[in-house]
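Novice: Here it is, the structure in full.
We did not get these values from a lab; they are worked out from the coordinates using the rules stated. Small disclaimer: the values here were computed from a predicted structure and weren't measured. Ideal geometry is used to build each Cβ from the backbone, glycine not excepted, and the neighbour counts take in all protein chains shown.
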Amino acid sequence: MSRIEPYKHKVQYYETDRMGIVHHSNYIRWFEEARTDLMEQMGMGYEEMEKRGIMSPVLSVEADYLRMVHFGSVVTVNAYIKEYNGIKMTIVYEVVDSKTEMVHCRGLTKHCFINEAGKPVSLKQSCLEFHDMFAKGLCDYKNQQ
């Protein structure tokens, strides 16, 4: 797998409030965009996962808003797999201003893996390709720490 490129996002007018400041709910959307991009860069995205009958619902979301982001800004959303055990996964995020390189938000999402019937699955047993991909992503994150 080649180097993972951070996800970039230009803040749109509709994402802001009357003061031109990004509404807090949009950071969660950016987390999802970055997570989707991360998986695609790792080799298999959500589309492939769902073709194989596996879904990955969000169990919880956390976001710490450190400073405001304004309309027209470009942010980089870094996404990393922090924890993965074959059944559950935690992804961490940093939203960084592309000009100043200041961190504006940090967060995480927790996920599990289920089949089409809604039953929990172990990727190690049901889809080794995804298991290996996420395990490698976890190792890459730990090697950066």
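Novice: In region 4-15, is there at least one residue being farther than 16 Å from D97 by Cα and in contact with a Gly (Cβ under 9 Å, 6 or more places away or on another chain)?
Specialist: Yes, region 4-15 has at least one match.
Novice: Let me ask something else about it. Six or more apart or on different chains, Cβ under 6 Å: which pairs go from a residue in region 48-61 that's farther than 13 Å from S126 by Cβ to one that's assigned to a helix (DSSP H, G or I) and of a type in the set (A, V, I, L, M)? Could you list them?
Specialist: Qualifying pairs under 6 Å: V61/I28.
Novice: So, one more: Does E5 meet the test of being within 20 Å of L138 (Cβ to Cβ) and in a helix (DSSP H, G or I)?
Specialist: Working: within 20 Å of L138 (Cβ to Cβ): yes; in a helix (DSSP H, G or I): no.
Taking the combined requirement at face value, the residue does not satisfy it.
Novice: Check off (1) in contact (Cβ under 8 Å) with a residue 12 or more places away in the chain; (2) over 13 Å from the mean Cα position of the chain (by Cα) for L128 and give me the number that stays unchecked.
Specialist: (1)
Novice: Further, regarding this structure: What's the number of the only condition in (1) part of a loop (DSSP other than H, G, I, E, B); (2) within 19 Å of E48 (Cα to Cα) that G72 fails to meet?
Specialist: (2) is the only condition that G72 fails.
For every residue, the table says whether it meets (1) assigned to a strand (DSSP E or B); (2) among the aliphatic types (A, V, I, L, M); (3) more than 23 Å from A135 (Cα to Cα).
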{"site": "R29", "(1), (2), (3)": "no, no, yes"}
{"site": "E50", "(1), (2), (3)": "no, no, no"}
{"site": "V61", "(1), (2), (3)": "yes, yes, no"}
{"site": "I91", "(1), (2), (3)": "yes, yes, no"}
{"site": "E94", "(1), (2), (3)": "yes, no, no"}
{"site": "R106", "(1), (2), (3)": "yes, no, no"}
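Novice: Based on what the data block shows, is H104 crowded, with 16+ Cβ neighbours inside 10 Å, free of Cβ contacts under 8 Å to residues at least 60 places away in the same chain and in contact with a Pro (Cβ under 9 Å, 6 or more places away or on another chain)?
Specialist: no
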